[in-house]
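Right, one structure below, let's go through it.
The values are calculated or read from the model by the stated rules, or taken from the named source; none is laboratory data. All values derive from a computational prediction rather than experimental measurement. Heads up, the Cβs are rebuilt from the backbone with ideal geometry, glycines too, and the neighbour counts pull from every protein chain shown.
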Amino acid sequence: MPEHEAEGQHGSPTWEVRDFLRRRREQIAQRWADESLFRAVFTVSRDEAVEAGRAVVEALAEVAGTGRPENPAAAGFTTVREQLGRMGAARARAGLTPAQISVEVDALRPPAVDLLVADFPDDAPAGFVRECTNALTALMGTLRLVVMETALNEGEAMLDRQRLQMLEVATPVIRLWDGIVAVPLIGTLDSARSQVVMETLLEAVVTEQARFAILDITGVPTVDSLVAQHLMKTVQAARLMGAECIVSGIRPAIAQTIVHLGLDLGTVVTRAGLADALGYALGRLGAGIVNAAPRGAEPR
(Lines give C-alpha, C1' and ligand atoms only; values in the text may rest on other atoms or scores of the structure.)
Protein backbone atom coordinates (compact mmCIF):
# COMPACT_ATOMS: atom_id res chain seq x y z
CA MET A 1 0.00 0.00 0.00
CA PRO A 2 1.43 3.41 -0.91
CA GLU A 3 2.67 5.46 2.02
CA HIS A 4 0.10 8.23 1.67
CA GLU A 5 -2.76 5.70 1.59
CA ALA A 6 -1.61 4.17 4.87
CA GLU A 7 -1.31 7.60 6.37
CA GLY A 8 -4.75 8.49 5.05
CA GLN A 9 -6.22 5.48 6.90
CA HIS A 10 -4.32 5.80 10.17
CA GLY A 11 -2.99 9.39 10.35
CA SER A 12 -4.50 12.74 11.25
CA PRO A 13 -6.92 14.28 8.71
CA THR A 14 -5.05 17.61 8.77
CA TRP A 15 -1.73 15.85 8.14
CA GLU A 16 -3.28 13.93 5.28
CA VAL A 17 -4.50 17.24 3.87
CA ARG A 18 -1.03 18.72 4.30
CA ASP A 19 0.56 15.86 2.36
CA PHE A 20 -2.15 15.97 -0.29
CA LEU A 21 -1.59 19.70 -0.86
CA ARG A 22 2.13 19.18 -1.32
CA ARG A 23 1.64 16.19 -3.62
CA ARG A 24 -0.94 17.91 -5.78
CA ARG A 25 0.36 21.46 -5.53
CA GLU A 26 0.96 21.74 -9.27
CA GLN A 27 -2.45 20.36 -10.24
CA ILE A 28 -4.26 22.63 -7.78
CA ALA A 29 -2.30 25.68 -8.94
CA GLN A 30 -3.11 24.88 -12.56
CA ARG A 31 -6.82 24.65 -11.81
CA TRP A 32 -6.81 27.80 -9.71
CA ALA A 33 -5.13 29.73 -12.53
CA ASP A 34 -8.37 29.33 -14.50
CA GLU A 35 -10.59 30.59 -11.66
CA SER A 36 -11.86 34.19 -11.69
CA LEU A 37 -9.76 35.41 -8.74
CA PHE A 38 -6.42 34.42 -10.29
CA ARG A 39 -7.40 34.91 -13.93
CA ALA A 40 -8.62 38.47 -13.36
CA VAL A 41 -5.67 39.55 -11.22
CA PHE A 42 -2.83 37.97 -13.20
CA THR A 43 -3.76 39.12 -16.68
CA VAL A 44 -0.27 39.33 -18.20
CA SER A 45 0.76 35.70 -17.94
CA ARG A 46 -0.98 32.49 -16.91
CA ASP A 47 2.37 31.23 -15.62
CA GLU A 48 2.33 34.11 -13.14
CA ALA A 49 -1.09 33.00 -11.90
CA VAL A 50 0.14 29.40 -11.54
CA GLU A 51 3.19 30.54 -9.59
CA ALA A 52 0.98 32.55 -7.24
CA GLY A 53 -1.28 29.50 -6.84
CA ARG A 54 1.70 27.33 -5.88
CA ALA A 55 2.68 29.79 -3.17
CA VAL A 56 -0.84 29.82 -1.73
CA VAL A 57 -1.11 26.01 -1.78
CA GLU A 58 2.23 25.72 0.03
CA ALA A 59 0.99 28.19 2.66
CA LEU A 60 -2.16 26.11 3.13
CA ALA A 61 -0.06 22.97 3.53
CA GLU A 62 2.01 24.64 6.22
CA VAL A 63 -1.11 25.72 8.09
CA ALA A 64 -2.61 22.22 7.80
CA GLY A 65 0.60 20.82 9.29
CA THR A 66 -0.08 22.76 12.50
CA GLY A 67 -3.30 20.81 13.01
CA ARG A 68 -5.29 24.05 13.28
CA PRO A 69 -6.78 24.73 9.85
CA GLU A 70 -9.17 27.30 11.34
CA ASN A 71 -6.39 29.63 12.55
CA PRO A 72 -6.15 32.78 10.35
CA ALA A 73 -3.10 33.97 12.34
CA ALA A 74 -1.08 30.87 11.45
CA ALA A 75 2.49 31.58 10.39
CA GLY A 76 1.90 29.81 7.09
CA PHE A 77 -0.20 32.69 5.85
CA THR A 78 2.50 35.24 6.61
CA THR A 79 4.42 34.61 3.40
CA VAL A 80 1.37 35.04 1.16
CA ARG A 81 -0.71 37.51 3.19
CA GLU A 82 0.60 40.52 1.24
CA GLN A 83 -0.03 38.75 -2.06
CA LEU A 84 -3.53 37.76 -1.00
CA GLY A 85 -4.21 41.33 0.08
CA ARG A 86 -3.07 42.66 -3.30
CA MET A 87 -5.34 40.17 -5.04
CA GLY A 88 -8.33 41.14 -2.94
CA ALA A 89 -7.58 44.86 -3.30
CA ALA A 90 -7.22 44.46 -7.07
CA ARG A 91 -10.67 42.92 -7.28
CA ALA A 92 -12.07 45.67 -5.05
CA ARG A 93 -10.57 48.31 -7.36
CA ALA A 94 -12.24 46.50 -10.25
CA GLY A 95 -15.58 47.25 -8.58
CA LEU A 96 -16.33 43.98 -6.80
CA THR A 97 -18.04 44.08 -3.42
CA PRO A 98 -16.63 42.16 -0.41
CA ALA A 99 -19.39 39.58 -0.91
CA GLN A 100 -18.37 39.06 -4.55
CA ILE A 101 -14.70 38.73 -3.61
CA SER A 102 -15.70 36.18 -0.98
CA VAL A 103 -17.54 34.17 -3.64
CA GLU A 104 -14.45 34.22 -5.88
CA VAL A 105 -12.26 32.93 -3.06
CA ASP A 106 -14.79 30.26 -2.18
CA ALA A 107 -14.70 29.11 -5.84
CA LEU A 108 -11.15 27.86 -5.18
CA ARG A 109 -12.48 25.20 -2.81
CA PRO A 110 -14.27 22.77 -5.18
CA PRO A 111 -11.24 22.10 -7.44
CA ALA A 112 -9.10 21.29 -4.40
CA VAL A 113 -11.78 19.14 -2.75
CA ASP A 114 -12.40 17.23 -5.99
CA LEU A 115 -8.72 16.42 -6.30
CA LEU A 116 -8.57 15.33 -2.65
CA VAL A 117 -11.50 12.94 -3.00
CA ALA A 118 -10.06 11.52 -6.24
CA ASP A 119 -6.72 10.99 -4.50
CA PHE A 120 -8.15 8.36 -2.14
CA PRO A 121 -8.41 4.70 -3.21
CA ASP A 122 -11.86 3.21 -3.68
CA ASP A 123 -11.59 1.19 -0.47
CA ALA A 124 -10.60 4.15 1.73
CA PRO A 125 -12.79 4.46 4.86
CA ALA A 126 -15.66 6.84 4.04
CA GLY A 127 -15.49 8.40 7.50
CA PHE A 128 -11.83 9.31 7.15
CA VAL A 129 -12.36 10.71 3.65
CA ARG A 130 -15.16 12.86 5.06
CA GLU A 131 -12.93 14.06 7.92
CA CYS A 132 -10.18 15.02 5.46
CA THR A 133 -12.70 16.79 3.24
CA ASN A 134 -14.01 18.71 6.24
CA ALA A 135 -10.46 19.66 7.25
CA LEU A 136 -9.71 20.95 3.75
CA THR A 137 -13.03 22.83 3.67
CA ALA A 138 -12.18 24.45 7.02
CA LEU A 139 -8.75 25.37 5.67
CA MET A 140 -10.24 26.96 2.58
CA GLY A 141 -12.69 28.85 4.79
CA THR A 142 -9.73 30.24 6.73
CA LEU A 143 -8.09 31.23 3.45
CA ARG A 144 -11.24 33.16 2.53
CA LEU A 145 -11.15 34.91 5.93
CA VAL A 146 -7.47 35.85 5.48
CA VAL A 147 -8.11 37.23 1.98
CA MET A 148 -11.05 39.32 3.17
CA GLU A 149 -9.21 40.58 6.26
CA THR A 150 -6.08 41.48 4.29
CA ALA A 151 -8.06 43.01 1.43
CA LEU A 152 -10.03 45.18 3.86
CA ASN A 153 -6.81 46.35 5.54
CA GLU A 154 -5.30 47.09 2.15
CA GLY A 155 -8.48 48.90 1.16
CA GLU A 156 -8.38 51.03 4.31
CA ALA A 157 -4.73 51.89 3.64
CA MET A 158 -5.63 52.85 0.07
CA LEU A 159 -8.48 55.03 1.33
CA ASP A 160 -6.10 56.72 3.77
CA ARG A 161 -3.67 57.44 0.92
CA GLN A 162 -6.49 58.80 -1.25
CA ARG A 163 -7.79 60.89 1.64
CA LEU A 164 -4.33 62.38 2.15
CA GLN A 165 -4.01 63.07 -1.58
CA MET A 166 -7.40 64.80 -1.55
CA LEU A 167 -6.32 66.91 1.41
CA GLU A 168 -3.18 67.92 -0.45
CA VAL A 169 -5.18 68.76 -3.58
CA ALA A 170 -7.65 70.73 -1.46
CA THR A 171 -4.78 72.72 0.06
CA PRO A 172 -3.07 74.43 -2.88
CA VAL A 173 -0.17 76.81 -2.42
CA ILE A 174 -0.21 79.81 -4.75
CA ARG A 175 2.86 81.88 -5.59
CA LEU A 176 1.48 85.43 -5.61
CA TRP A 177 4.74 87.30 -6.05
CA ASP A 178 8.44 86.82 -5.70
CA GLY A 179 8.85 85.93 -2.05
CA ILE A 180 5.08 85.72 -1.35
CA VAL A 181 3.04 82.51 -1.19
CA ALA A 182 -0.56 82.00 -0.11
CA VAL A 183 -2.77 79.10 0.95
CA PRO A 184 -6.47 79.86 0.38
CA LEU A 185 -8.44 77.52 2.64
CA ILE A 186 -11.99 76.51 1.77
CA GLY A 187 -14.22 74.18 3.79
CA THR A 188 -13.99 72.62 7.21
CA LEU A 189 -10.63 72.43 8.92
CA ASP A 190 -9.89 69.45 11.15
CA SER A 191 -6.68 68.31 12.78
CA ALA A 192 -5.61 66.15 9.83
CA ARG A 193 -6.14 68.90 7.27
CA SER A 194 -4.54 71.51 9.55
CA GLN A 195 -1.44 69.32 9.70
CA VAL A 196 -1.39 69.07 5.89
CA VAL A 197 -1.74 72.87 5.69
CA MET A 198 1.30 73.33 7.92
CA GLU A 199 3.44 70.83 6.01
CA THR A 200 2.38 72.15 2.60
CA LEU A 201 2.98 75.77 3.54
CA LEU A 202 6.40 75.11 5.06
CA GLU A 203 7.47 73.14 1.99
CA ALA A 204 6.39 76.08 -0.19
CA VAL A 205 8.31 78.53 2.00
CA VAL A 206 11.47 76.50 1.42
CA THR A 207 10.84 75.83 -2.28
CA GLU A 208 9.91 79.44 -3.15
CA GLN A 209 12.31 80.99 -0.62
CA ALA A 210 9.31 83.00 0.52
CA ARG A 211 9.57 85.86 2.98
CA PHE A 212 5.81 86.10 3.44
CA ALA A 213 3.21 83.34 3.72
CA ILE A 214 -0.49 84.19 3.69
CA LEU A 215 -3.08 81.90 5.27
CA ASP A 216 -6.45 82.98 3.91
CA ILE A 217 -9.36 81.49 5.87
CA THR A 218 -12.15 83.42 4.14
CA GLY A 219 -13.74 80.14 3.05
CA VAL A 220 -13.50 78.42 6.43
CA PRO A 221 -16.93 78.36 8.12
CA THR A 222 -15.83 77.71 11.71
CA VAL A 223 -12.66 77.53 13.77
CA ASP A 224 -12.48 75.57 17.02
CA SER A 225 -9.74 75.71 19.64
CA LEU A 226 -7.80 72.79 18.17
CA VAL A 227 -7.77 74.27 14.66
CA ALA A 228 -6.83 77.70 16.04
CA GLN A 229 -3.90 76.13 17.85
CA HIS A 230 -2.80 74.46 14.62
CA LEU A 231 -2.92 77.83 12.84
CA MET A 232 -0.82 79.37 15.61
CA LYS A 233 1.71 76.55 15.30
CA THR A 234 1.82 77.11 11.54
CA VAL A 235 2.54 80.81 12.08
CA GLN A 236 5.31 79.97 14.55
CA ALA A 237 6.80 77.29 12.29
CA ALA A 238 6.85 79.71 9.34
CA ARG A 239 8.75 82.22 11.47
CA LEU A 240 11.32 79.58 12.31
CA MET A 241 11.72 79.04 8.56
CA GLY A 242 12.38 82.76 8.09
CA ALA A 243 8.97 83.76 6.74
CA GLU A 244 6.37 86.08 8.22
CA CYS A 245 2.92 84.51 8.26
CA ILE A 246 -0.18 86.65 7.68
CA VAL A 247 -3.67 85.38 8.47
CA SER A 248 -6.38 86.95 6.33
CA GLY A 249 -10.12 86.56 6.02
CA ILE A 250 -11.03 86.34 9.71
CA ARG A 251 -14.79 86.90 9.59
CA PRO A 252 -16.73 88.37 12.54
CA ALA A 253 -18.07 84.98 13.69
CA ILE A 254 -14.59 83.46 13.72
CA ALA A 255 -13.19 86.55 15.46
CA GLN A 256 -15.80 86.16 18.19
CA THR A 257 -14.96 82.47 18.55
CA ILE A 258 -11.25 83.24 18.90
CA VAL A 259 -11.97 85.87 21.56
CA HIS A 260 -14.36 83.51 23.36
CA LEU A 261 -11.70 80.79 23.39
CA GLY A 262 -9.24 83.25 24.92
CA LEU A 263 -6.65 82.78 22.19
CA ASP A 264 -4.04 85.53 21.92
CA LEU A 265 -3.38 86.53 18.30
CA GLY A 266 -1.59 89.69 19.33
CA THR A 267 1.67 88.48 17.79
CA VAL A 268 0.01 87.41 14.53
CA VAL A 269 -0.36 89.80 11.60
CA THR A 270 -4.01 89.70 10.45
CA ARG A 271 -5.74 91.38 7.56
CA ALA A 272 -9.37 91.57 6.48
CA GLY A 273 -8.88 89.87 3.13
CA LEU A 274 -6.37 88.31 0.80
CA ALA A 275 -5.89 91.55 -1.16
CA ASP A 276 -5.09 93.43 2.05
CA ALA A 277 -2.63 90.74 3.09
CA LEU A 278 -0.94 90.85 -0.32
CA GLY A 279 -0.74 94.66 -0.14
CA TYR A 280 0.87 94.43 3.31
CA ALA A 281 3.44 91.89 2.11
CA LEU A 282 4.26 93.90 -1.01
CA GLY A 283 4.70 97.02 1.10
CA ARG A 284 7.10 95.21 3.37
CA LEU A 285 9.03 94.11 0.29
CA GLY A 286 9.22 97.73 -0.87
CA ALA A 287 6.87 97.28 -3.80
CA GLY A 288 4.15 99.91 -4.23
CA ILE A 289 0.66 99.35 -5.56
CA VAL A 290 -0.63 101.97 -8.00
CA ASN A 291 -4.27 102.10 -9.02
CA ALA A 292 -4.70 102.08 -12.79
CA ALA A 293 -5.90 105.38 -14.23
CA PRO A 294 -9.42 105.41 -15.74
CA ARG A 295 -9.48 104.84 -19.48
CA GLY A 296 -8.81 108.09 -21.33
CA ALA A 297 -7.53 109.88 -18.22
CA GLU A 298 -4.02 111.18 -17.96
CA PRO A 299 -1.96 109.40 -15.32
CA ARG A 300 -0.78 111.69 -12.53
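Points worth noting:
- Residues that are part of a helix (DSSP H, G or I), among the aliphatic types (A, V, I, L, M) and in contact (Cβ under 8 Å) with a residue 40 or more places away in the chain were ranked within the range 92-108; the one that is farthest from R23 (Cα to Cα) is A92.
- Filter result (within 22 Å of the chain's Cα centre (by Cα), hydrophobic (A, V, I, L, M, F, W, C) and not in a helix (DSSP H, G or I)) within the range 183-208: L189
- Members of the range 88-123 that are closer than 21 Å to T137 by Cα and under 16 Å from the mean Cα position of the chain (by Cα): G88
- Residue count, the range 137-161 (criterion: of a type in the set (G, A, S) and either at pLDDT 80 or above or closer than 14 Å to S102 by Cα (or both)): 3
- Any chance I101 is surrounded by 19 or more Cβ atoms within 10 Å (Cβ to Cβ), of a type outside the set (K, R) and more than 28 Å from V129 (Cα to Cα): yes
To keep it simple, each residue is scored yes or no on (1) within 30 Å of P125 (Cα to Cα); (2) at pLDDT 85 or above; (3) part of a helix (DSSP H, G or I).
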| position | (1), (2), (3) |
| --- | --- |
| W15 | yes, yes, yes |
| D34 | no, yes, no |
| R54 | yes, yes, yes |
| A90 | no, no, yes |
| P110 | yes, yes, yes |
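- For the criterion of being part of a helix (DSSP H, G or I) and either within 24 Å of the chain's Cα centre (by Cα) or surrounded by fewer than 20 Cβ atoms within 10 Å (Cβ to Cβ) (or both), R68 fails.
Every residue, every condition in (1) under 19 Å from I186 (Cα atoms); (2) exposed (fewer than 13 other Cβ atoms within 10 Å of the Cβ); (3) in the same structural domain as T207 (by TED's automatic domain parsing), yes or no:
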| residue | (1), (2), (3) |
| --- | --- |
| T218 | yes, no, yes |
| P221 | yes, yes, yes |
| M232 | yes, no, yes |
| A243 | no, no, yes |
| R251 | yes, no, yes |
| Q256 | no, yes, yes |
| V268 | no, no, yes |
| A272 | yes, yes, yes |
| Y280 | no, no, yes |
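- Residue under evaluation A73, criteria (1) part of a helix (DSSP H, G or I); (2) without any contact (Cβ under 8 Å) to a residue 24 or more places away in the chain, criterion not met: (1)
- The range 235-262 residues that are without any contact (Cβ under 8 Å) to a residue 12 or more places away in the chain, paired with ones that are surrounded by 14 or more Cβ atoms within 10 Å (Cβ to Cβ) (beta carbon under 7 Å, 6 or more apart): R239/C245
- Meets criteria (without any contact (Cβ under 8 Å) to a residue 24 or more places away in the chain and over 34 Å from the mean Cα position of the chain (by Cα)) for G11: yes
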